[in-house]
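To start, the structure itself, in structure tokens.
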Amino acid sequence: MEKLFLALIFLPVAGAFAAFLADRKRLSFIRDFSAAFFGVGEFAVMCIFAVFGMGSELFVPEVCGMGLHFTLDGFRGVYGIIAAFMWMMTLLFSREYLAHENRLGRYYFFQFVTLSATMGVFLSADLFTTFLFFEIMSFTSYVWVAQEETEGAIKAAATYLAVAVIGGMTLLMGLFLLYHTLGTLEMSEMLSAAASCGETDTLYIAGICTLVGFGAKAGAFPLHIWLPKAHPVAPAPASALLSGILTKAGIFGVLAVSGNIFLHDGAWGFLIFGLGLFTMFGGALLAVFSVDLKRTLACSSMSQIGFILIGIGMQGILGEENALAVRGTLLHMVNHSLIKLVLFLIAGVVVMNLHKLNLNEIRGFGRKKPLLKICFLTGALGIAGIPFLNGYVSKTLLHESIVEGIALSAELSGFLKMSEWIFLISGGMTLAYMTKLYVAVFVEKNMDAKEQERFDGMKRYMNPVSAFAIAGSAAVLPVLGAVPNLTSDGIADLGQGFLHLDKNVHPVSYFSLTNLKGGLISIVIGIALYLGIRKLLMRKQDGRRIYRDCWPRWWDLEELLYRPLLLKVFPFIAGVFCRILDSFVDGVILALRKTVYRDRKIPHELAEGSEFTHLLGMAMDFLRHVKRKVLRQPEPDREVSYEHRLAMWREKFVETNAIIQRSLSFGLLMFYVGLVFTLIYLLYLGRG
């Protein structure tokens, strides 16, 4: 069974090359068949492995020095299946969505390579393996954002890559500190190592570095800037994966650090909780003001990541009584992944038929499309936390964990009560913006009567394979929400061991009046907000009400803060600092020359040689002249003076010495290069 680890990681790579080579040969049928075959095959292998391979481990030594370590437990099995399922559905949908696009070989190649890297992340048993595949995933998914190669796509891809690189470098620094402090990056060993470690401050610094790296990919505030920009320009199947899976790879890293280093740590939990509040509320607020279909869904993803971070934070705040927070966090990860798969694929149908995303232009598209309407409504109500759908289950657990924190912690009760209302209001905003999307696309009529007539006359707006991908994905949502004690609780039971929750948890009565109360409050808030923002977001034009673009561009942290800092402020400060250093060094040298190394005046410049050869040569020439006078020897007409000879000998000596020094320096340089390669071999390739 251990070989299935390699199959899960390298089977997609085989699919990548098969699809790419088929596209190069212009064999479109083989390319599309290969994509579907390897997508379905990956899902089948993952399901088999999850059933029969639980508890398996694989260690691949001599890879980058530390080797690669994989394992399969309940949580990894669940998310491996979800990742493979989402890739299978998006690959099936991609055939129709990209039928008229170019560069499909490149698209499928990077789809499969990213799948391989994502499986490596979710199956990793140590943070070094996680980091390696995490960075591969970041760079290969960059191509998704830039796929269309428009000006907006290239700019959004640059933002995505910048966040990925900065996050990756910060994450690497955190892993260096963790390995130095704990002596291991194995997830199964870090908890005991952290408990016996006395360098608490270093652990917190390392933890914050890893939080920045993983949080950037998750879309957490304030590194969420790539989400609203990448989703509108990326192909819809890629958007579904960016939102549903790649953000969860970041959450996986946050969970690995929180559960294995800062387990039951109140201070760490408070930090994550506060980050979650900003992310949850900020994403919902941005989604409310957006009139772009995919951008609204992207901001919604940011908000739902905030809900998940709230759960991770409550795990630390509640300490050992964190069962509700653990299970709510895991289930909301699963629910958000599946819901966004449905919603983004439906957005893909809209783009595929209209090539537009503005609500005023796509208004009324789905009025007479019952399958699309039911599937979108299922996803919208699920993410809004409506009872009997899957989102309600996880949000109920998260809300009840906050209520439990209020009861257990007198010191934090005031803060948690305020946070509870932010939680409920954010849930209400979720219902408000999803209602806005549903009403605009599936209820209202388009301002152009002929356009609405064209929408209503569309009979084949998607093929059966695309319909299967959407309907099959949507069918899972009510199953997880209608009978949660049989379905959702089983998923939570499988995954809770990853966060060291091993005790049996009593069944939750999800539909009791107490638990329904929180959901109903959010629903009332959502209805009130929708009725309020509908008037705010609409204006009259030619006697008709249209959606106006209220997107708060001044909230764009990239243009408001990051680009000015990185391109103007930091270079200016660095330039001033370097000028000060340069002037300081010049001043020190000048002071030394005037004091310790005081200059002395040279009476004249020698034509050749040094003062020593000049004086010695003059003395020898004088002695020779005296000798000839005493011995009465004639003076030759042309004779080389000793002064010139000594100067030439000195010049030859200096040149020879310089040659020797250069040769020695070159030899030392070669020795250094050899030493570096020897050390690289010993550190990264020579370990057994």
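The values are calculated or read from the model by the stated rules, or taken from the named source; none is laboratory data. Keep in mind it's a predicted model, so treat the numbers as computed, not measured. Cβ placement follows ideal geometry from the backbone for every residue including glycine, while neighbour counts extend to all protein chains displayed. These area figures cover heavy atoms from the full protein model, side chains too; ligands, DNA and RNA do not enter into them. Shrake-Rupley method; radii C 1.70, N 1.55, O 1.52, S 1.80 Å.
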>> Rounded to whole Å, give me the distance from the Cα center of segment 106-176 to that of segment 402-461.
In response: 30 Å
>> What distance in nm separates the two pseudo spin-label positions at residue 650 and residue 26, each 7 Å out from Cα along the beta-carbon direction?
In response: 7.9 nm
>> Give me the extension gain from residue 628 to residue 48: residue separation times 0.36 nm, minus the current Cα-Cα distance, reported in nm with one decimal.
In response: 197.9 nm
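Counting only protein heavy atoms, what percent of the accessible surface of the chain is carbon or sulfur at a 1.4 Å probe?
On the way: 21350 of 32090 Å².
In the chain, the share of accessible area belonging to carbon and sulfur is 67 percent.
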>> Would you report the distance distribution of C-alpha pairs in segment 243-323 as whole percents per 5 angstrom bin, up to the bin with the largest distance?
In response: 4, 17, 23, 21, 16, 10, 6, 3, 1
> How far, in nm, would the chain grow between residue 482 and residue 453 when pulled straight, counting 0.36 nm per residue and subtracting the alpha carbon separation?
Replying inline: 6.7 nm
>> Accessible area per residue for segment 439-533 in Å², computed with a 1.4 Å probe and the full protein assembly in place, what is it?
In response: 52 Å²
>> Can you compute the helix-only [θ] at 222 nm over the chain? Use -39500 (n - 2.57) per DSSP H run of at least 4 residues, normalise by all residues, nearest 500 deg cm²/dmol.
In response: -24500 deg cm²/dmol
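Which translational diffusion coefficient, to the nearest whole µm²/s, is obtained for segment 155-309 from the Stokes-Einstein equation, given a Kirkwood hydrodynamic radius over C-alpha pairs, 20 °C and 1.002 mPa s?
Taking Rh from Cα pairs, D becomes 134 µm²/s.
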> What is the spread of the Cα atoms of the chain along each of their three principal axes, largest first, in whole Å?
Replying inline: 132, 63, 51
> Roughly how large, in nm² to one decimal, is the mean projection of the convex hull of the alpha-carbon atoms in segment 27-174?
Replying inline: 9.9 nm²
> How far is helix 390-408 tilted, in degrees, relative to the longest principal axis of the Cα atoms in the chain, given as a value from 0 to 90 rounded to the nearest 10?
Replying inline: 70 degrees
> Using alpha carbons only, how many degrees (0 to 90, rounded to 10) separate the axis of helix 293-318 from the longest principal axis of the chain?
Replying inline: 80 degrees
>> About the Cα centre, and with charges only on the beta carbon of Lys, Arg (+1) and Asp, Glu (-1), how big is the dipole of segment 50-129? Nearest 20 debye, please.
In response: 300 debye
>> Just to confirm, what accessible area per residue do you get for segment 228-298 at 1.4 Å probe, in whole Å²?
In response: 17 Å²
> Please report, for the Cα atoms of segment 76-131, the Rg to one decimal and the Dmax as a whole number; what are they, in angstrom?
Replying inline: 13.5, 42
> Sorted by average packing, counted as other Cβ atoms within 10 angstrom per residue and highest first, what order do 577-584, 62-69, 80-87, 645-652 take?
Replying inline: 80-87, 62-69, 645-652, 577-584
> Roughly what angle does helix 151-182 make with the longest principal axis of the chain, taking Cα atoms, 0 to 90 degrees, to the nearest 10?
Replying inline: 70 degrees
> Which is farthest toward the positive dipole end of segment 404-471 among 405, 424, 463, measuring Cα position about the Cα centre, with Cβ charges +1 (Lys, Arg) and -1 (Asp, Glu)?
Replying inline: 463
> What is the dipole size for the chain, taken about its Cα centre, with +1 at each Lys and Arg Cβ and -1 at each Asp and Glu Cβ, in debye to the nearest 20?
Replying inline: 2280 debye
>> At 0.890 mPa s and 25 °C, plugging the Kirkwood radius over alpha-carbon pairs of segment 185-271 into Stokes-Einstein gives what diffusion coefficient in µm²/s?
In response: 173 µm²/s
>> Please compute the per residue accessible area over segment 137-208 with all protein chains in place, 1.4 Å probe, rounded to a whole number of Å².
In response: 46 Å²
> How many percent of Cα pairs in segment 172-225 exceed 17 Å?
Replying inline: 39 percent
>> Report, to one decimal in Å, the Kirkwood hydrodynamic radius for segment 112-241 based on all distinct Cα pairs.
In response: 15.6 Å
>> So for each of 216-224, 99-107 I average, over its residues, the number of other beta carbons within 10 Å; can you give me the resulting order with the highest mean first?
In response: 216-224, 99-107
> So which lysines can residue 229 reach, going by Cα to Cα under 20 Å and dropping same-chain residues fewer than 8 places off?
Replying inline: 155, 217, 248, 294, 340, 356
>> Over segment 376-529, what portion of Cα pair distances is larger than 23 Å, expressed as a whole percent?
In response: 52 percent
> How big is D for segment 268-366, in µm² s⁻¹ as a whole number, if Stokes-Einstein is applied with the Kirkwood radius of its Cα pairs at 10 °C and 1.306 mPa s?
Replying inline: 108 µm²/s
>> For a protection proxy built on the mean count of beta-carbon atoms within 10 angstrom, sort 264-275, 494-505 highest first, please.
In response: 264-275, 494-505
